[in-house]
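Right, one structure below, let's go through it.
Just so it is clear, none of the values below were taken in a lab; they were calculated from the coordinates. Since the structure is predicted, the reported quantities are computational estimates derived from the model, not experimental observations. Cβ sites come from the backbone with ideal geometry, for glycine too, and all protein chains shown count toward neighbours.
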Amino acid sequence: MRILIVDDSRSSLALLAAQVGELGAHQIESFLDPEDALERSAGEQFDLVILDNVMPKMDGVELTRRLRATERYRLIPIVMVTSDVDRALRLEAIAAGANDFLTKPFDAVELQARVRNLLALRQSQIELADRALWLMREVKTATRHVVEREEELIWRLARAIEYRDGDTGGHVSRVAQISRMIAQSLGLSAERCHIIYLAAPLHDIGKIGIPDAILGKPGKLSPEEMATMRRHVTIGARILERGSSELIRSAELIAQSHHERWDGNGYPDRLSGEDIPIEARIVAIADVFDALCSERPYKAAWPIEKAYAEILRGRGTQFDPACVAAFEVCWAAIAALMADGRPYHLALAV
Ligand SMILES: [Fe+2]
């Protein structure tokens, strides 16, 4: 423990230091001048302060007040030494933040008992603070593990959907990343962007409920087959309905509305404009763009510039003009992502 002793009487200071020194291997620093003590305490964390009250320049009450005004000495035990038995002075010292008093002339047994008690109090403060810090770190670590596990589950589920859909080579991962870029360009909060990034991979989760013969059909779908295929949005929303988290609620909105169109000619509800949830308007662009750039059983992959032009062509009809503008803003990053070609590089390192 580091102990600060301040007393303008050299003999009193020496006596205090000697008696406190008998309590164990504590580091004691003694000061005759309260201003010197104040300066030293600013750069040093003492664990106990013992100070005289009657001193020139600054009395003990003022020194106590100044120490208490700093965060570092807000809780450190302070003992005031005084020969004065004036009750008013003691009340003033208590108001300034003094914890205890020692009366001159010192009784060695009493002095050592009080110092020992206050050092024990300080030791408890330190242990409590250490414990609080340790608990805070533990909570942070546990929270991080839960978040990581949740994210991993989403990506593994997304991978399952891709296999069901004929392994489209990282389509959901790119849709997630492009959606996040568009959300960021739109100026959505970092938390919202992250939620969209994690909810987007589940946009086609409803395809789990579509028959293989339709899902894997190489040619054009008949009108009946198309109607069945379109049911993937409502099946997806049903899988995700009544979610308990913001993430699952966003995923439900995306699953339900990612085939709606800005002009109201989409499905399943023919929503238009801003009635379509923003998450779904964003994912609609990312989904169509990446689908155009991908090879499918019924079509070759488009060059990215051609797909880019197609998205711009859909501004105000198929797509939200603001989302298309955001897509244009982050085009360089999207083009770099498409050139990269590693499907799960950000999402899942397996
Ligand atoms: Fe879809």
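Values for this structure:
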item: Computed lengthening from Ala300 to Ala325, 0.36 nm per intervening residue step minus Cα-Cα distance; result: 6.3 nm
item: Proximal lysines to Lys306, defined as alpha-carbon separation beneath 23 angstrom and excluding residues fewer than eight positions away on the same chain; result: Lys220
item: Normalised alpha carbon radius of gyration of the range 193-350 [divisor 2.2 N^0.38 Å]; result: 1.04
item: Most positive-pole-ward Cα, Leu247, Ala300, Phe31, against dipole of the chain from beta carbon charges; result: Ala300
item: About the Cα centre, charge dipole magnitude for the chain (Lys/Arg +1, Asp/Glu -1 at Cβ), debye; result: 1140 debye
item: Stretch gain in nm, segment Val147-Gln19, where the contour uses 0.36 nm per residue and the Cα spacing is subtracted; result: 40.5 nm
item: Assigned charges on the beta-carbon of Lys, Arg, Asp, Glu; the range 114-171 dipole about Cα centre (debye); result: 700 debye
item: Calculated P(r) of the chain - Cα pairs past 28 Å, %; result: 58 percent
item: Residue among Val175, Val109, Val81 with the largest mean-square fluctuation in a Gaussian network model of the chain, springs linking Cα atoms under 10 Å; result: Val109
item: Zero-based 5 Å bins, Cα pair distances in the range 3-89, whole percents; result: 3, 14, 28, 26, 18, 9, 1, 0
item: About the Cα centre, charge dipole magnitude for the range 205-345 (Lys/Arg +1, Asp/Glu -1 at Cβ), debye; result: 380 debye
item: Per-bin percent of Cα-Cα distances, the range 220-300 [10 Å]; result: 18, 44, 33, 5, 0
item: Sparse-neighbour loop sites [trypsin sites (Lys or Arg not before Pro); the range 201-236; at most 12 other C-beta within 10 Å; DSSP]; result: Lys220
item: Rg [Å, one decimal], Dmax [Å, integer] - the range 75-224, C-alpha atoms; result: 33.5, 105
